[in-house]
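Here the structure is laid out as structure tokens; the discussion comes afterwards.
The values are calculated or read from the model by the stated rules, or taken from the named source; none is laboratory data. Keep in mind it's a predicted model, so treat the numbers as computed, not measured. For neighbour counting, all protein chains shown are included, and Cβ atoms are generated from backbone atoms with ideal geometry for every residue, glycine included.
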Amino acid sequence: MNGHKSTIRYLGYRTLPDGGREFDFSFEIGGAQAIMITIDAPITFFRGPDQIAIQEAAGICYETLRFRLQAFEANPPSRFDLTAADVAQHRRSHKGAAGRR
């Protein structure tokens, strides 16, 4: 991220009428004004055999945002959807980390 100090803060979540969640974060790089970023997690991620727990969803969204900011730092989107690929990447990286302990 250009060598500038960056900060991502988790601000909280909102439950959507259909049961999905919106996770809010602020992102600041250098001394610039913080940008609000919302990640939408559809209800489908919280149901079924591969469901994610509400408690782990914020961490998955944080890691996804961190990755995307590294890739799209110049113009981060203010809102985007969590994808199955994002969840799978998070689980792969954490499974590998657990094996290294």
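When the criteria are applied in full, Ala85 fails the requirement of being of a type in the set (A, V, I, L, M, F, W, C) and in contact (Cβ under 8 Å) with a residue 24 or more places away in the chain.
When Pro17, Pro76 are checked against the criterion of being assigned to a loop (DSSP other than H, G, I, E, B) and at pLDDT 95 or above, a single residue qualifies: Pro17. Looking at Thr44, Thr7, just one residue is part of a helix (DSSP H, G or I) and either among the polar types (S, T, N, Q) or touching a His at 6+ places or on another chain (Cβ under 9 Å) (or both), and that residue is Thr44.
Sub-7 Å Cβ pairs linking a first residue in segment 39-56 that is closer than 17 Å to Tyr13 by Cα to a second residue that is among the small types (Gly, Ala, Ser) and surrounded by 11 or more Cβ atoms within 10 Å (Cβ to Cβ), at least 6 apart or interchain, are Asp40/Gly20; Ala41/Gly20; Ala41/Ala57; Pro42/Gly20; Ile43/Gly19; Ile43/Gly20; Phe46/Gly19, ordered by first then second residue. Restricting attention to segment 12-58, the residues that are of a type outside the set (Val, Ile, Thr), farther than 20 Å from Thr83 by Cα, surrounded by 11 or more Cβ atoms within 10 Å (Cβ to Cβ) and more than 12 Å from the chain's Cα centre (by Cα) total 3.
For first residues located in segment 8-23 and β-branched (Val, Ile, Thr), partners that are part of a strand (DSSP E or B) and lie 6+ apart or on another chain with Cβ distances below 8 Å form the pairs Ile8/Phe25; Ile8/Ser26; Ile8/Phe27; Thr15/Arg21.
For the condition loosely packed, with under 14 Cβ neighbours inside 10 Å, outside any strand (DSSP E or B) and modelled with pLDDT under 95, Gln89 does not qualify. Within segment 67-76, being of a type outside the set (A, V, I, L, M, F, W, C) and either free of Cβ contacts under 8 Å to residues at least 40 places away in the same chain or surrounded by 14 or more Cβ atoms within 10 Å (Cβ to Cβ) (or both) holds for Arg68, Glu73, Asn75, Pro76.
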